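Here the structure comes first, spelled out in structure tokens, and everything after it is commentary.
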Amino acid sequence: MSKTFLITGVSTGLGLAIARRALAAGHRVAGTVRTQEHAAAFRALDPDRAHAYLLDLSDADRIDPAVREVEEELGPIDVLVANAGYGLEGTFEESSMTDLRRQFEVNVFGTVATVKAVLPGMRERRDGQIFVITSMGGHTTFPGLAFYEGSKHALEGITDTLAQEVGQFGVRVTAVAPGAFKTDWAGRSLVRAPRSIADYDELFDPIRTRRQKLAGQGIGDPDRAGDAILSLLDEENPPVHLLLGSDALRLVTAGRQRVQDDFDAWEKLTLSTDSTEGGVTVA
């Protein structure tokens, strides 16, 4: 059965690939873009079922009206794919507080505002599906991506909690964490903080050079990512957390093991903080 999608960030990358696969499957897609040029290009994909809306997630006051506009023109939104966002590369010390605020303004606050705008209608209808595109960096970490990965960790935690709250209303929620895909994430969609501290040269210069060299050459196929997301439509119990790509599975598994190793190594200290008089646990 045909559904109405709202997908943020359909100009390029995963957002565009997901939109294309949804259109090919016969669905209607409202896609957000930031320029009239991209709007025209998106509509050209399917003049009858591809609908473009201008929206920059950093403009918080525009998000709710944009969603209302989609609903007025196309009707209820059945599926939200909260995809829009960007990356910030830079060591923690060399990245500014302005960098951090903008990273969270778009990736976290903009995404959350979009979900909040769509959610009431889904709750009232007792039906709907929300996909929040995070990153393997929302489960593990790599040098030079502290602020970006912080934003994606935040989305993973928010999405996990949301899924527990709205499942009772028939609203299904999945945080989708891709690995490295053949997109422009490490190119046009990655802001690089300037270098200024020589102490980080040995660690970080090779990492930045490698990312620049391998931009757009990830193992992941964007079209297959779109197919994977579409395969979850109408699943009664879709995953709350979904990794996409063998690299994501390998790197996240290794990262989680590092965390578990710390828990195991310091278990005695962890348990030493319990009150000797007992008490009540949170769950």
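Laid out as a table, the results:
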{"item": "Per-region count, segment 113-134, residues open to solvent by less than 40 Å² (accessible area, probe 1.4 Å) and outside any loop (DSSP other than H, G, I, E, B)", "result": "14"}
{"item": "All positions within segment 150-162 that are in contact with a Gly (Cβ under 7 Å, 6 or more places away or on another chain) and crowded, with 22+ Cβ neighbours inside 10 Å", "result": "K152, L155"}
{"item": "Identity of the residue in segment 210-222, of a type outside the set (A, V, I, L, M) and in contact (Cβ under 8 Å) with a residue 24 or more places away in the chain, that ends up surrounded by the fewest Cβ atoms within 10 Å (Cβ to Cβ)", "result": "Q217"}
{"item": "Number of positions in segment 35-81 that are in a helix (DSSP H, G or I), among the basic types (K, R) and either open to solvent by less than 20 Å² (accessible area, probe 1.4 Å) or over 18 Å from Q129 (Cα atoms) (or both)", "result": "2"}
{"item": "Residue match in segment 229-244 (condition: out of contact with any Gly (no Cβ under 7 Å at 6 or more places or on another chain), at pLDDT 95 or above and over 25 Å from L162 (Cβ atoms))", "result": "no"}
{"item": "Of all residues in segment 135-157 being among the aliphatic types (A, V, I, L, M) and assigned to a helix (DSSP H, G or I), the one that is nearest to T91 (Cα to Cα)", "result": "A146"}
{"item": "Tally, over segment 240-274, of residues that are open to solvent by 70 Å² or more (accessible area, probe 1.4 Å) and assigned to a loop (DSSP other than H, G, I, E, B)", "result": "4"}
{"item": "Counted residues, segment 166-209 - those being surrounded by fewer than 17 Cβ atoms within 10 Å (Cβ to Cβ), β-branched (V, I, T) and over 18 Å from the mean Cα position of the chain (by Cα)", "result": "3"}
{"item": "Residues located in segment 169-184, provided they are assigned to a strand (DSSP E or B) and over 20 Å from G87 (Cβ atoms)", "result": "V171, R172, V173, T174"}
{"item": "The one condition in (1) free of Cβ contacts under 8 Å to residues at least 12 places away in the same chain; (2) within 27 Å of the chain's Cα centre (by Cα) that S272 fails to fulfil", "result": "(2)"}
{"item": "Residue within segment 108-122 that is out of contact with any Asp or Glu (no Cβ under 8 Å at 6 or more places or on another chain), of a type in the set (S, T, N, Q) and touching a residue at least 24 places away in the same chain (Cβ under 8 Å) present", "result": "yes"}
{"item": "Close pairs from segment 235-248: first under 16 Å from I133 (Cα atoms) and free of Cβ contacts under 8 Å to residues at least 60 places away in the same chain, partner part of a strand (DSSP E or B) and small (G, A, S), Cβ under 6 Å, at least 6 apart", "result": "none"}
{"item": "Residues (modelled with pLDDT under 90 and either assigned to a helix (DSSP H, G or I) or of a type in the set (G, A, S) (or both)) located in segment 185-208", "result": "A186, G187, S189"}
{"item": "Those residues of segment 245-275 which are small (G, A, S) and touching a Gly at 6+ places or on another chain (Cβ under 6 Å), in sequence order", "result": "G245, A248"}
{"item": "Residue pairs meeting the criteria (Cβ under 7 Å; at least 6 apart or on separate chains; first touching a residue at least 60 places away in the same chain (Cβ under 8 Å), in segment 76-89; second assigned to a loop (DSSP other than H, G, I, E, B) and of a type in the set (S, T, Y))", "result": "Y86/S189; G87/S189; L88/S95"}
{"item": "Lone unmet requirement of (1) crowded, with 23+ Cβ neighbours inside 10 Å; (2) under 15 Å from E71 (Cβ atoms) for G137", "result": "(2)"}
{"item": "Complete set of residues in segment 1-31 that are in a helix (DSSP H, G or I), of a type in the set (G, A, S) and open to solvent by less than 20 Å² (accessible area, probe 1.4 Å)", "result": "G15, A17, A19, A22"}
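The values are calculated or read from the model by the stated rules, or taken from the named source; none is laboratory data. Quick caveat, the model's predicted, so the values are computed rather than measured. Positions of Cβ are backbone-derived with ideal geometry, glycine not excepted, and every protein chain shown enters the neighbour counts. SASA here: full protein model, heavy atoms, side chains in, ligands and nucleic acids out. Shrake-Rupley method; radii C 1.70, N 1.55, O 1.52, S 1.80 Å.
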